[in-house]
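First comes the structure, then the notes that go with it.
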Amino acid sequence: MNKIALSEEERKDLVRLGRQIKDVKGAIRVRVILALDAGYTNEEVAKILLLDEDTVSKWKRKYERRQFFSDWLEEYYAGYNGKLTKEQIKEIEEFVEKHTVTDSREVVNFIKKEFDKGYTITGVTKLLHRLGFVYKQVVLVPGKLDEAKQEAWLKEYKELEEKKKEEEVILFGDGVHPTHNVHKTKAWIKKGEEKQIKTNTGRGRLNINGVLNMETMAVTTHFSKTINAQKTIKLFDKIQLVYKDKATIYLIIDNARYYKNKEVTAYLAKQGCRIKLKFLPPYSPNLNYIERLWKYMKKYIIGIKHREKFKAFEQDIHQFFDHIDQHEEKLRQFIGTELRLIKLTA
């Protein structure tokens, strides 16, 4: 006899499951059981659902071999809503929102401990997706970030930008230390295969102190063996030469010690020096546009290109800055025009 006898509760759970499943094959398997329960023969179910009779018989046997209906669902659709109440699902959602869950096993254990119900990792993963969660990188933020100071600084910067005169310029400055190596990235690769990128030791590195003009996308740099007060002064000399037509050069920088060195302070106090430093709040790289320039360089210039010799690496970096105008359009899109505040979550 082809008929399968489902209880009313089993039938409701299957109907609900069939409506929720996004996987087409999974939905068809549920319909096979529902159709057999409705009194259709194997042959009729196969004809209606465009299957062969062997497939229908196989799924009927798989269902019948399970002593309990929930066991059958646990194997094929682990994590279906019928096993948990709405209140329990809400508790799971709150648990994941409150904690940083890096492994689905944590949720499996939570369900077992709180509700004494056994879920598989696959089932939990499907449940989390249905609840709107995705598995992605967490966002790292400075532990000592001060939101109030960031907001106050951004307000001051916008006022400075609005009131800036023609004979003034605003620059964003910072130091960066790119290493002689490639950077790991994602790429389209055939399933089951891998794509290898050669690496270097990463011992060689460059030291670059630079400033970015957001209006023109012009970059002024100074390369050196190290970045200190003396090298910073050399960069300042270069900036004043490049912007010789500007009466005031506002330079927005972080709180690196060499910017507050006595020699640098004395240099800035000299008569004729047109540079005025504007310090960012502590731990605020998100408020410095030039940080995005460094990310662009890391992604598109250093990238995944293997350079066996450090000299080749150095030449490519110099080439980038020497011809940065060729990147202007792409740079503007990458860097954007808005400074973003970091809102700390609880």
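Scanning the range 146-155 for residues that are touching a residue at least 40 places away in the same chain (Cβ under 8 Å), of a type in the set (D, E, K, R) and in a helix (DSSP H, G or I) returns E147, K149, E151. Sub-9 Å Cβ pairs linking a first residue in the range 247-262 that is over 17 Å from K231 (Cα atoms) to a second residue that is part of a loop (DSSP other than H, G, I, E, B) and among the acidic types (D, E), at least 6 apart or interchain, are A247/E167; T248/E167, ordered by first then second residue. Scanning the range 267-303 for residues that are exposed (fewer than 14 other Cβ atoms within 10 Å of the Cβ) and basic (K, R), which turns out nearest to F172 (Cα to Cα)? So the residue we want is K276.
I197 meets all of the listed conditions (1) out of contact with any helix residue (DSSP H, G or I) (no Cβ under 9 Å at 6 or more places or on another chain); (2) open to solvent by less than 60 Å² (accessible area, probe 1.4 Å); (3) modelled with pLDDT under 95 but one, namely (2). Which of the residues that make up the range 202-242 are part of a strand (DSSP E or B) and out of contact with any helix residue (DSSP H, G or I) (no Cβ under 7 Å at 6 or more places or on another chain)? Hits for the range 202-242 are R205, N207, I208, N213, F223. Quick check on the range 10-27. Is at least one of its residues under 46 Å from the mean Cα position of the chain (by Cα), open to solvent by 50 Å² or more (accessible area, probe 1.4 Å) and modelled with pLDDT of 85 or more? So far as the range 10-27 goes, no, none of its residues is under 46 Å from the mean Cα position of the chain (by Cα), open to solvent by 50 Å² or more (accessible area, probe 1.4 Å) and modelled with pLDDT of 85 or more. Checking D245, D254 one by one, the residue that is crowded, with 17+ Cβ neighbours inside 10 Å and either among the acidic types (D, E) or at positive phi (or both) is D254 and no other. Among the residues making up the range 156-166, a single one is in contact with a strand residue (DSSP E or B) (Cβ under 9 Å, 6 or more places away or on another chain), open to solvent by 100 Å² or more (accessible area, probe 1.4 Å) and not in a helix (DSSP H, G or I): K165. For residues that are of a type in the set (K, R) and not in a helix (DSSP H, G or I), scanning just the range 107-137, find the one that is least open to solvent (accessible area, probe 1.4 Å). The residue in question is K117. The residue pairs whose first member lies in the range 214-228 and is touching a residue at least 60 places away in the same chain (Cβ under 8 Å), whose second member is of a type outside the set (A, V, I, L, M, F, W, C) and part of a strand (DSSP E or B), and whose beta carbons are closer than 8 Å, counting only pairs six or more residues apart or on different chains, are V219/G210; V219/N213; T221/N209; T221/G210; F223/N207. Quick check, is G79 at pLDDT below 80, touching a helix residue (DSSP H, G or I) at 6+ places or on another chain (Cβ under 7 Å), surrounded by 12 or more Cβ atoms within 10 Å (Cβ to Cβ) and assigned to a helix (DSSP H, G or I)? It is false that G79 is at pLDDT below 80, touching a helix residue (DSSP H, G or I) at 6+ places or on another chain (Cβ under 7 Å), surrounded by 12 or more Cβ atoms within 10 Å (Cβ to Cβ) and assigned to a helix (DSSP H, G or I).
The values are calculated or read from the model by the stated rules, or taken from the named source; none is laboratory data. The model shown is predicted, which means the values in this text are computed figures rather than measured ones. Glycine also receives a Cβ, built like all others from the backbone with ideal geometry; neighbour counts cover every protein chain displayed. These area figures cover heavy atoms from the full protein model, side chains too; ligands, DNA and RNA do not enter into them. Shrake-Rupley method; radii C 1.70, N 1.55, O 1.52, S 1.80 Å.
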